[in-house]
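**Student:** One structure, as structure tokens, below. Some questions next.
The values are calculated or read from the model by the stated rules, or taken from the named source; none is laboratory data. Keep in mind that this is a model prediction, so the values were computed, not measured. Please note: Cβ atoms are built from the backbone with ideal geometry, for glycine as well, and neighbour counts cover all protein chains shown. Surface accessibility is based on the protein's heavy atoms, side chains included, excluding ligands, DNA and RNA. Shrake-Rupley method; radii C 1.70, N 1.55, O 1.52, S 1.80 Å.
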Amino acid sequence: MNSKPTPLSGFPELLPSQRFVELQLIDQLRTTFELHGFAPIETRSAEPLDQLLRKGEIDKEVYVLRRLQAADETEDAGLGLHFDLTVPFARYVLENAGKLDFPFRRYQIQKVWRGERPQEGRYREFTQADIDVVAKDVLPFHHDVEVARVMAEALGGLSYLPALRLQVNNRKLIEGFYGGLGAADIAAVMRVIDKIDKVPAEIIGKMLVDEADLTDDQAAKCLELAAIRATDSSFVERVKGIGVTGELLDVGLAELAAVVDGCSSMNSEHFTVEADLRIARGLDYYTGTVFETRMAGFEGLGSICSGGRYDSLASDGKTTYPGVGISLGVTRLLMPLFSRSKLTANRSVPSAVLVALPDEESRPSCDQIAQALRARGIPAGVAASPQKYGKQIRYAERRGIPFVWFPAGADSGDEIKDIRSGEQTPADPDSWTPPAEDLRPQVVSTIVTD
């Protein structure tokens with residue numbers, strides 16, 4: 001290539017130190033998911049367009065797949081790259097139903113593609129981390145609580161992130177409320193309320209009257225409902241105090257209270273689960289619990305972790321597969337922090353030890369020292385060239401390598417130097433071990449929390 005390459009907008013790439021952060025986050029997620037019995041899967045990248053477009057009005061976001069040298073325009077026609085992991089998972093369940101044990105707990109961490117206008121928090125290629133529980137015909141409600149608790153535990157363990165708030169609502173609650181209120185077009189009310197984070201309340205009230213055909217009193221009660229938040233089940237009495245009643249509303253209140261109370265032990269200074277009665281989720285396949293997540297200081301990103309209960313997303317005509325799940329936007333979460341230098345790793349290479357090279361004749365023996373360390377699980381490399389030891393130490397410093405190994409000389413044995421403290425001690429490659437925190441790159445956060 002003779003010209004300078006131009007970055008592709010919406011297709012983020014990571015430096016090594018950033019990739020270490022992403023991998024550590026993914027490893028922490030995987031560990032938590034597997035501790036709770038969720039099995040890993042990976043689905044193909046391409047799906048039939050008719051399957052992708054069933055989810056809703058996203059046809060402009062789908063990347064169509066076609067070979068440049070296809071013999072005719074019909075080859076590969078009707079294929080697109082998946083824009084989330086839920087649609088391919090629904091197809092996967094139907095195709096593999098005879099091989100899966102239900103209820104099936106799965107996690108999936110994979111790239112997805114979406115043809116959106118690139119902006120902060122919105123990318124054309126990004127990584128998502130999903131968990132779902134799917135059953136045949138009936139999925140007991142306690143799985144809604146389980147999924148919320150698992151993701152709460154996973155996110156709560158990411159202490160290097162800004163404070164996170166998992167907001168929970170229930171579609172039965174809001175539909176029951178709007179129905180009990182006498183709204184003729186519940187979907188229209190939900191579409192308006194879903195904009196409440198972006199539009200002032202007085203404008204939302206007017207939109208409810210103009211677009212959802214509500215009276216001023218009905219609109220005021222909808223806004224009163226949307227203003228309710230609580231980290232415990234105290235919201236139930238506040239909703240009842242508005243004066244709207246209905247059986248579906250009561251069911252939704254009970255389910256939401258069960259999720260919030262079931263997650264109350266997960267709340268901390270860093271992570272909170274709360275009932276937030278503004279949350280509706282725009283996608284029409286949600287039928288009960290719905291989730292969104294905000295990150296402190298980055299509320300403008302919108303939700304970075306969303307999901308809910310879907311009672312009929314997958315069906316083969318004979319059996320229906322209800323599920324409940326939640327999806328974390330890994331790229332959406334990390335890229336704004338990277339761009340502001342809020343997160344990095346303490347080194348740009350995996351090596352914990354650099355074996356200094358006295359001269360080229362010593363390279364075989366230095367390689368043996370490095371290999372002895374590697375055999376014991378200690379990442380190690382040998383200096384690229386036999387420069388003065390001061391330059392080799394600076395080489396390690398620039399990469400964040402914490403230790404430099406000096407091979408035995410005529411008047412001394414092997415020694416290891418912690419270049420951060422300057423401490424230098426005798427060492428044996430068959431027995432020396434660094435502190436556990438130095439074995440792998442660690443996340444360094446400059447995020448200040450109150």
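**Student:** About its Cα centre, what dipole magnitude does the chain give when the only charges are +1 on Lys and Arg Cβ and -1 on Asp and Glu Cβ, stated in debye to the nearest 20?
**Tutor:** Around 960 debye, computed over the chain.
**Student:** Give me the accessible area per residue for the chain, probe 1.4 Å, as a whole number in Å².
**Tutor:** 48
**Student:** A further question follows. Assign one of three labels to segment 230-337, namely rounded, prolate or oblate, based on the Cα gyration tensor with a ≥ b ≥ c the square roots of its eigenvalues; rounded applies when a/c is under 1.5, prolate when it is not and a/b is larger than b/c, and oblate otherwise.
**Tutor:** Oblate is the answer for segment 230-337, as a/c is 1.5 or above yet b/c matches or exceeds a/b.
**Student:** Return, for the Cα atoms of segment 195-238, the radius of gyration and Dmax in Å, separated by a comma.
**Tutor:** Looking at segment 195-238, its Cα Rg and Dmax stand at 11.8, 34 Å.
**Student:** Let me ask you something else. Test of the criteria: in segment 278-369, which trypsin sites (Lys or Arg not before Pro) are in a DSSP loop and have at most 14 other Cβ atoms within 10 angstrom of their Cβ?
**Tutor:** Counting only loop positions with at most 14 other Cβ atoms within 10 Å, the trypsin sites (Lys or Arg not before Pro) in segment 278-369 are Lys318, Arg340.
**Student:** Residue farthest toward the positive end of the dipole of segment 136-235, with Cβ of Lys/Arg at +1 and Asp/Glu at -1: which of Val145, Gly205, Ala163?
**Tutor:** Checking the options against the dipole of segment 136-235, the answer is Ala163.
**Student:** Further, regarding this structure: Classify segment 254-310 as rounded, prolate or oblate from the Cα gyration tensor: take a ≥ b ≥ c as the square roots of its eigenvalues, call it rounded if a/c is under 1.5, otherwise prolate when a/b beats b/c and oblate if not.
**Tutor:** oblate
**Student:** Something else about it: Using only Cα atoms, what Kirkwood radius does segment 298-348 have, in angstroms?
**Tutor:** Final number for the Kirkwood radius of segment 298-348 is 14.0 Å.
**Student:** Normalise the Debye intensity by I(0) for segment 81-220, one equal point scatterer per Cα, no solvent, then take log10 at q = 0.11, 0.19 Å⁻¹ and round to two decimals.
**Tutor:** Reported log10 I(q)/I(0), two decimals: -0.67, -1.20.
**Student:** Another question, if that's okay. Can I get the semi-axes of the chain's equivalent ellipsoid? Compute them from the C-alpha gyration tensor as square roots of 5 times the eigenvalues, in angstrom, largest first.
**Tutor:** The answer is 50, 26, 21 Å, longest axis first.
**Student:** While we're here: State the percentage of accessible surface on the chain attributable to carbon and sulfur atoms; use a 1.4 Å probe and exclude ligands, DNA and RNA.
**Tutor:** Exposed carbon and sulfur together represent 49 percent of the surface.
**Student:** What number, in percent, do you get for the relative contact order of the chain if the mean sequence gap of Cα pairs under 8 Å and at least 6 apart is divided by its residue count?
**Tutor:** It comes to 17 percent, rounded to a whole number.
**Student:** Suppose only helical runs count, i.e. DSSP H with n ≥ 4. What mean residue ellipticity at 222 nm does that imply for the chain under -39500 (n - 2.57) per run, divided by all residues and rounded to the nearest 500 deg cm²/dmol?
**Tutor:** When only DSSP H runs of four or more count, the value is -10000 deg cm²/dmol.
**Student:** Beyond 22 Å, what share of the Cα-Cα pairs of segment 158-293 is found? Please give it as a whole percent.
**Tutor:** 35
**Student:** Another question, if that's okay. Kindly identify segment 379-450 as rounded, prolate or oblate by the Cα gyration tensor criterion: order the square roots of the eigenvalues as a ≥ b ≥ c, call it rounded if a/c is under 1.5, otherwise compare a/b with b/c, prolate if a/b is larger, else oblate.
**Tutor:** Verdict is prolate for segment 379-450.
**Student:** Just to verify a number: FRET efficiency for Glu202 and Arg117, C-beta to C-beta distance, R0 = 41 Å, to 0.05?
**Tutor:** For R0 = 41 Å, the calculated efficiency reads 0.90.
**Student:** If you don't mind, there's one more thing I want to ask. Could you tally the net charge around Phe406, taking each other residue with its Cβ under 11 Å from the Cβ of Phe406, Lys/Arg +1 and Asp/Glu -1?
**Tutor:** -1
**Student:** Note down the relative contact order for segment 71-159 as a percent, whole number, built from C-alpha pairs under 8 angstrom at least six residues apart.
**Tutor:** 25
**Student:** Tally Lys/Arg at +1 and Asp/Glu at -1 over every other residue whose Cβ is under 11 Å from the Cβ of Pro379; what's the total?
**Tutor:** Value of the local net charge: +3.
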